[in-house]
Amino acid sequence: ITITGGLGAEGDGIDSNGYLVVNGGTVLTTANPQAGEGGIDSDSGIYLNGGTVIALGSRNDSAAADSAQALIELTFRATVPEDSEVELRDSEGTAVVSFTAPRDFSSATLSVPELAWDSTYTLWVDGVQQQYTGAHRYAIPRGGHGADGGRSASGRHAARRTAG
């Protein structure tokens, strides 16, 4: 399923007034990039238990740390432009998630069966490895320096089952 939210002045991609649970399938959801909206938004909790989820927006609500499937949530200091090539690679350099940004975004939630808890990943945008900064409670993608126009990425949550 592909959801393009906020075609007017505002709007989340998926907005649940209760729980939001994904158990399988493929979900690509984007929010209005101009209005502080999320690709995923839930009042009661987000559980990513299976399938492929790529949620992009200005800000996404955090998924539950006890989701059954590993996930990574990133916030970018600068907007990643529409049509950017985004790739998440494992420690061996193999792409586990790759997509072309359908809209501008500054927040991404990524969850695919190939992600593993307590593993290290690198994020690339248009061929430039993104820099990770900050200390967080989950394992985070390790990054380079984001030179040549790279956008720094800061992970809020990443591939880890329990809080550290």
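Could you tell me whether the stretch 42-88 comes out rounded, prolate or oblate from its Cα gyration tensor? Rule is a ≥ b ≥ c as square roots of the eigenvalues, rounded for a/c under 1.5, then prolate if a/b exceeds b/c, otherwise oblate.
Prolate, since a/c reaches 1.5 and a/b exceeds b/c.
For the stretch 1-70, what is the largest minus smallest coordinate of the Cα atoms on each principal axis, given in angstrom and ordered from greatest to least?
Cα extents, longest axis first: 34, 22, 17 Å.
Please label the shape of the stretch 19-109 as rounded, prolate or oblate, based on the square roots a ≥ b ≥ c of the eigenvalues of the alpha-carbon gyration tensor (a/c under 1.5 means rounded; beyond that, a/b larger than b/c means prolate, else oblate).
Since a/c reaches 1.5 but b/c is at least a/b, the shape of the stretch 19-109 is classed as oblate.
Among DSSP beta bridges lying fully in the stretch 1-129, give the percent that are antiparallel, nearest 5.
60 percent
Find the relative contact order for the stretch 5-116 and round it to a whole percent, using C-alpha pairs within less than 8 Å whose residues are 6+ positions apart.
Relative contact order, the stretch 5-116: 25 percent.
Computed from the coordinates by the stated procedures, all read-outs in this text should not be read as laboratory data. Please read all numbers here as calculations on a predicted model, not as lab measurements.
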